[in-house]
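Encoded as C-alpha cells, the structure appears first; notes follow it.
The values are calculated or read from the model by the stated rules, or taken from the named source; none is laboratory data. Please read all numbers here as calculations on a predicted model, not as lab measurements. Methodologically, a virtual Cβ is constructed for each residue, glycine included, from the backbone with ideal geometry; neighbour enumeration extends over all protein chains shown. Side chains are part of the model used for accessible areas, which takes the heavy atoms of the whole protein and leaves out ligands, DNA and RNA. Shrake-Rupley method; radii C 1.70, N 1.55, O 1.52, S 1.80 Å.
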Amino acid sequence: MARAIWSGVLTFGLVTVPVQMFTATEDHTVHFHQLQRGTSDRVRYQRVNGRTGKEVDHDDIVKGYDLGGGDYVIVEPDELDEIAPGKSQVIEITGFADLEQVDPVYFDKTYYLAPKGEEYTKVYELLRAALEKENKTGIATFVMRGKQYLVALRAQEQVLVLHTLHWADEVRDPHQELPVLPSRGDAQGKELDTARQLIGTLSVDWNPKDYRDTYEERVKELVDSKAKGKEIVSEEAPPEATNVIDLMEALQRSVEQTRGSGGKAPGELRGQRRSHWTAGRSSRVRGPGEAAIAARRPRSDG
C-alpha cells in the first residue's frame, strides 16, 4: 500500500475533515545510465567550482541571485528557512469554481486525498458528492515541504482528487511567446463546416485504456533487439503538411474514409502508422560477437 506524502485537514466553511495525500501517478519511462563510449564505466556528475574546476563540498554551497555583471545577492539556506511559510497542515477551500473555468494549462501534478480514518468517511463523502452534483472544483492553498501551492479539488468516483496549479505569473501568454497565430476569421464557410463534420465522425467516448505509449514500447524493443544483435529499422518520416489549395478535398476524403472505417483515424487508413520494425531505412546493429552491449565489455581501469 502506498505511503502518504502529506497529512493534515481539509476545511470548507466551518467543516473540517482529516485527510492524507497520496501520489496519483507514476512514471513508466525507460531510464538509462550514462556510460563512457566503449566502456561500461558510469558517468557521474560532481559539484565543481566553475573557475578553479575543483569539487565543492555541499556545506560550502550557498544560493546566489544574479544581478548581472557578475554581481550576486548571496542567500544562506537558513535565511530561506526563516521566511518559509512553515509546515501547514490545512488545505483551506476558499471558493468553488465551475470545472470548465480552470484552464488545463494551469494544472501541474495530481494527487489523491483520502480520509484519515473510517470515522471521517461520511464528511469526506459529503464534500465529494456535493462537488460532483454541482460540477464544481474547490480552490484552495496549502503548504508542503516549505512551498506554498495553489490547488484545485475535484470529485472522481469515490475519491477526491487534488491538482496542484501553476500560479498566474507562471503561465506564459501565447500571444507574446508564439511567433505566429491565426486570425479567428481564418476558418469559416464550408471548410469549417466540413472540419466540424470530421470532428463529429471521429468523436469517441474517452477511455484512457484505449491509448498506450508506443514510443516507450519501441524503446524497450530497441534495447531487447540490440541485446540479441537484431537489425533495427527506423520509423518512416511524418506526412507532409496539407496544401491550403487541397484543404477542402482532404477534409472531404477524411470524412468519407472515417465513415467507411468505423471511426478509424485517417492516418491509420493511409498506413502512416506502420510498424517501427518494418518501415523506412535501416541502421546496422552489431551482432552478438561484436559486443553490442557496452556492459559486456571488460571494464577499463585506465
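Values as computed for the structure displayed
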item	result
Cα-based reach from Lys147 at 22 Å (exclusive), listing lysines while leaving out same-chain residues under 8 positions away	Lys63, Lys87, Lys109
Packing-based order for 151-158, 128-135, using average beta carbon neighbours within 10 Å, highest first	151-158, 128-135
Asp60-Asp81 FRET efficiency (beta carbon distance; Förster radius 22 Å; 0.05 resolution)	0.75
20 Å cut-off, amide nitrogen to a point 7 angstrom out along Phe22 Cα→Cβ, residues in the range 123-146	123-129
Cross-link reach list, lysines versus Lys228, counting only Cα pairs under 28 Å and skipping chain neighbours closer than eight places	Lys220
In the range 164-207, trypsin sites (Lys or Arg not before Pro) in a DSSP loop with at most 14 other beta-carbon atoms within 10 Å	Arg172, Arg184
Solvent-accessible surface (1.4 angstrom probe) belonging to Lys230, in square angstrom, nearest 10	100 Å²
Sparsely packed chymotrypsin sites (Phe, Trp or Tyr not before Pro) within the range 130-227, loop by DSSP, other Cβ within 10 Å at most 15	Trp167, Trp206, Tyr211
Accessible-area value, Leu67, 1.4 Å probe, nucleic acids and ligands omitted, Å²	110 Å²
Chymotrypsin sites (Phe, Trp or Tyr not before Pro) restricted to the range 30-116 and DSSP loop, no more than 10 other C-beta within 10 Å	Phe32, Tyr45
Set of aspartates and glutamates near Lys136 by C-alpha distance (under 17 Å), chain-local residues within fewer than 8 positions excluded	Glu92, Asp98, Glu100, Asp103, Glu125, Glu157
FRET efficiency estimate (nearest 0.05) - Cβ-Cβ, Ala2 to Arg44, R0 45 angstrom	0.90
Solvent accessible area, Å² - Met248, 1.4 Å probe, full protein context	40 Å²
Projected label distance in nm at Leu99 and Glu256, using a 7 Å step from Cα toward the beta-carbon	3.9 nm
Net charge, Ser225 excluded, C-beta distance under 11 Å - Lys, Arg +1, Asp, Glu -1	+2
